[in-house]
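S.K.: The structure's right below; bear with me while I get my questions together.
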Amino acid sequence: MTTQTLSIRQATRADAPLVLAFVKELAEYEKLGHLVVATEELIAEELFGPASHAEALLGHSGTEPVAFAVYFHNFSTFLGRKGLYLEDLYVRPAYRRRGFGRAMLLHLARIAAERKCARFEWSVLDWNEPAIFFYETLGASIMHEWKLVRVTGEALEKMAKMK
């Protein structure tokens, strides 16, 4: 693995087009491109607007944007403290195996530690063996006993109307 310099910075509203481009690339990589309905306007408002509870990082190699991450705080009732949840992390394929994903994760771990978070969590697709192995080398535990539960779209609307 060749480690190169990665500069990491907070994304801003002006970065909404770039963030959306990364989201679309990630979705294609995960074979979920057909699910992306986000627009630049939605990203700008929901991620960078006054009511946002999420943040984004951009990683650049020189002037080239090569990675992004979106994260937010969650809360552990058992620990009585907030945590940091990584929603998405993506490194463009041409820039993988250069230490950029590791640098992004370590940067996020430092943010979690600085903010006194009790834990730092994220999900990984079960077929993504290289990512699972990589996360485990960093000391992460795969929580096999937990299953992600999700309600979206029409099912969410229906559930919200239940009595």
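S.K.: Could you tell me which numbered condition I111 fails, if it satisfies all but one of (1) more than 20 Å from S141 (Cα to Cα); (2) β-branched (V, I, T); (3) surrounded by 13 or more Cβ atoms within 10 Å (Cβ to Cβ)?
M.R.: With respect to (1) more than 20 Å from S141 (Cα to Cα); (2) β-branched (V, I, T); (3) surrounded by 13 or more Cβ atoms within 10 Å (Cβ to Cβ), I111 is out only on (1).
S.K.: For segment 10-23, give me each residue that is surrounded by 13 or more Cβ atoms within 10 Å (Cβ to Cβ) and not in a loop (DSSP other than H, G, I, E, B).
M.R.: Step one: of segment 10-23, the residues surrounded by 13 or more Cβ atoms within 10 Å (Cβ to Cβ) are 11-13, 15-16, 18-23.
Result: R13, D15, A16, L18, V19, L20, A21, F22, V23.
S.K.: Among residues belonging to segment 83-101 that are basic (K, R) and crowded, with 17+ Cβ neighbours inside 10 Å, point out the one that is nearest to L57 (Cα to Cα). Step through it out loud before you land on a result.
M.R.: To start, the set of residues in segment 83-101 that are basic (K, R) comprises 92, 96-98.
Checking the rest, the ones that are also crowded, with 17+ Cβ neighbours inside 10 Å come to 92, 98.
Values: R92: 14, R98: 18 Å.
Per the criteria, the residue is R92.
S.K.: To continue, here is another question. Residues to consider are F68, F75; find the one that is more than 20 Å from Y135 (Cβ to Cβ), at pLDDT 95 or above and not in a helix (DSSP H, G or I). Please lay out each step first, then the result.
M.R.: On the way: F68 fails: more than 20 Å from Y135 (Cβ to Cβ).
Matching residue, one of F68, F75: F75.
S.K.: Further question: Among the residues of segment 40-65, which ones are assigned to a loop (DSSP other than H, G, I, E, B) and loosely packed, with under 12 Cβ neighbours inside 10 Å? Step through it out loud before you land on a result.
M.R.: Here is the first cut: in segment 40-65, the ones assigned to a loop (DSSP other than H, G, I, E, B) are 49-53, 62-63.
Within segment 40-65, G49, P50, A51, H53, G62, T63 qualify.
S.K.: Sticking with this structure for a sec: For the condition small (G, A, S), surrounded by 11 or more Cβ atoms within 10 Å (Cβ to Cβ) and under 17 Å from the mean Cα position of the chain (by Cα), what is the one hit in A118, A140? Step through it out loud before you land on a result.
M.R.: Values: A118 fails: under 17 Å from the mean Cα position of the chain (by Cα).
Every option except A140 fails the conditions.
S.K.: Here is a further query. Show the residue pairs meeting these rules: Cβ distance below 7 Å; 6+ apart or different chains; first residue within segment 145-163 and within 17 Å of S123 (Cα to Cα); second residue part of a helix (DSSP H, G or I) and of a type outside the set (D, E, K, R).
M.R.: V151/M159
S.K.: Here's another thing I want to ask about it. Only residues that are in a helix (DSSP H, G or I) and among the aromatic types (F, W, Y): list them for segment 110-163, please.
M.R.: Taking segment 110-163 first, the residues in a helix (DSSP H, G or I) are 110-114, 129-137, 153-160.
Result: F133, F134, Y135.
The values are calculated or read from the model by the stated rules, or taken from the named source; none is laboratory data. What you see is a predicted model, and the numbers here were worked out from it, not measured in a lab. Cβ sites come from the backbone with ideal geometry, for glycine too, and all protein chains shown count toward neighbours.
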